[in-house]
Each structure stands twice: as C-alpha cells, then as structure tokens.
Amino acid sequence: MEYFGIDVGGTQVKWAIVNEDYQIVEQGKIPTDFSSADELVDALVKLVEPYRDRVGAIAASVPGTVQADDPDGTIIGGGALTYMDKFPLARALTDRLGLPAVIDNDGKSCANGEYAAGALKGTKVGVVMVIGTGLGGGVVIDGTVFRGAHGNATEISGIVSDHVTAPGKFDLSNMGAIRGGWMGLRHAICSEKGITDEKDIDGFKLFEWVDAGDEAAIRGLHTYARYVVCLCHTIQVILDPDAIAIGGGISAAPALIEAIHAEEDAMYEGWPFPQMKKPNIVLCEMGNDANIVGAVYEARRRLRL
C-alpha cells in the first residue's frame, strides 16, 4: 500500500507518495499562497485527486497543535497560517476525497520521521530539535511520539535560560524561540562583529564568514553552540534520551555540529554525575522529507495500516 504525505509549511506545501518501507516514490511542492482554510483544502484536494485510487490514506504535517484523540484533525493555532486555527482539516479532506486522513503537528511529525527511517531509528527514547525561525521539537518513546497532557510536549521554543529580565515575568528574549532559532545565531555572530543592522544577513552569509576563518564569526558561532548544548542538557536530564537529533536549514553547515560537539566536550569536562550521560547530539538524516515520512508513520499507527 502507498500513502499520500503532505507537509504544510509557511512558504511551501510539500507532498509525496510514500510506500510501506517509508521510501518516497514520487514528490513535488507548491507555494503556500493561500488566504483561507478553504483555499488550502482546495489545493490539497487538487494534489491528491490524481492519486486517490492509488493511496490508502492521507497524512499531513501542519504547524499548530493537533490532539491525537481528535478524529477531525482540528488545528489549534496554526503557526504562521492563522486562518487554520480551529479548522478540522482531516474531516475536510475525508469529506472531499473519501479517504481516511490523519493530521499531526510538524515538530512531532519530524520526530516520527526520524524514528521511522532516520537518525532516531532503533532508539528507545529519541528527540529532535529543529532549528528554524524558532525551535521545533518532538520526542518519541518506544515508537510513539510523546504529547503531554495538552498536546504541547517538547515545545523547545518555550525553554527559558539565563535570567528573566522582568522580575516575575517570562521574557521571550531569553527563550529558545529567540536565542535558539537561526536568528539567535545571527545575533551572536553580528554582536561579535559589531554589526547592529542584522536584517539583511542570512544563514549563508554567516557560514561564509565562519568558513573563511573570521575570528569574530567563529566566536559568535561558539556562543550560540553553547546555548544549544544548554538546551540539550536540559532535555537530557529530564528525558534521558538515546539521541538528540539536530535538524533545520542551518544544520546542513558542518561547522555548526562541529562547534556544538566542541562546546559539549568543554562544558562536560569534570561533569560530577557520571551515571547521567551527556547528550548524544547527532544530525537529522531525513532532511526536508522527515515531516512527510513522520506524518505517514503516525497515520499508519493510528489507522492500524
């Protein structure tokens, strides 16, 4: 049997036909150029229609919270796609196409994808940390993604570090969403270089400086890497995972994982609790396919396919 996997992102909708071995047979993408839930559904139906007689189910990864016990696949929040808030996407797709549909959060789909066919395969407890504008995340325990009491487990963007600048209140600037996303790396490097106007500097430029041996850029990279290690340490002491897989666009730069490993070794030197393992930080293996494969994995698990 084959399955139609969808990854609804802020800029692109990626789709793929996935087989039972979690291999992608065919794939494509379209721009996320919609202003309403109905427009998005119309576009998804158009994508699935040519394959309707070939696939056994639809599986979609989306921004926002989706409760596992909601057969309608109602999206809560919707991230950048605010028009999807409270929209029952699974029900809408099933009504239009006559196929079972399962919808899940993008971070949790990524974790499932890496467990099904990537860096977390074979783990008892595995975590993904996806570095984007903010930080996405997911944890898989014994083959099942962990959701928590309200469906929001492993929202790494909300982890607070250092101090809270306004006493008694959480300060977003000290949370993973700001400091741990790729723009946190940009700020760390630009601060070291004395650059105050950061808005036109992208990730390619940051690693161009690093790869050229720019000492200020390298210092900024290591400052950022220490923050990532602190986040991984927090996850490690709470969940004790076999591996924490780092993904997202900037994870493709070899200098990033090298800096993370170097800072981890330095920070754990003399670690007084040898019975508590330091994080096994690895790279995600599935790349842009993780969310689609993970959505299919979750659909098969729920639908018993």
Cβ-Cβ FRET estimate between ALA153 and ILE24, R0 fixed at 35 Å, reported to 0.05: 0.80
Per residue accessible area of the chain, 1.4 Å probe, in Å²: 46 Å²
Helical mean residue ellipticity (222 nm; -39500 (n - 2.57) per DSSP H run of 4+; nearest 500) of the chain: -11500 deg cm²/dmol
Percent accessible area from carbon and sulfur atoms, the chain, protein chains only, probe 1.4 Å: 53 percent
Low-density loop cleavage sites - chymotrypsin sites (Phe, Trp or Tyr not before Pro) in segment 191-281, where at most 15 other Cβ are within 10 Å (DSSP): TYR268
Spacing of the two label points (7 Å from each Cα toward its C-beta) at LYS277 and GLN12, in nm: 3.4 nm
Packing-based order for 27-33, 72-78, 295-301, using average beta carbon neighbours within 10 Å, highest first: 295-301, 72-78, 27-33
Set of lysines near LYS124 by C-alpha distance (under 24 Å), chain-local residues within fewer than 8 positions excluded: LYS108, LYS277, LYS278
Fluctuation leader among GLN67, GLN23, GLN275 - the chain, Gaussian network, Cα springs under 10 angstrom: GLN275
Computed lengthening from ARG91 to ASP53, 0.36 nm per intervening residue step minus Cα-Cα distance: 11.8 nm
Of the GluC sites (Glu not before Pro) in segment 1-69, those whose Cβ has at most 14 other Cβ within 10 Å and which sit in DSSP loop: GLU20
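The values are calculated or read from the model by the stated rules, or taken from the named source; none is laboratory data. No experiment lies behind these values; they were computed from the predicted model shown. Glycine gets a Cβ as well: all are built from the backbone with ideal geometry, and neighbour counts include every protein chain shown. Accessible surface areas use protein heavy atoms only, side chains included; no ligands, DNA or RNA. Shrake-Rupley method; radii C 1.70, N 1.55, O 1.52, S 1.80 Å.
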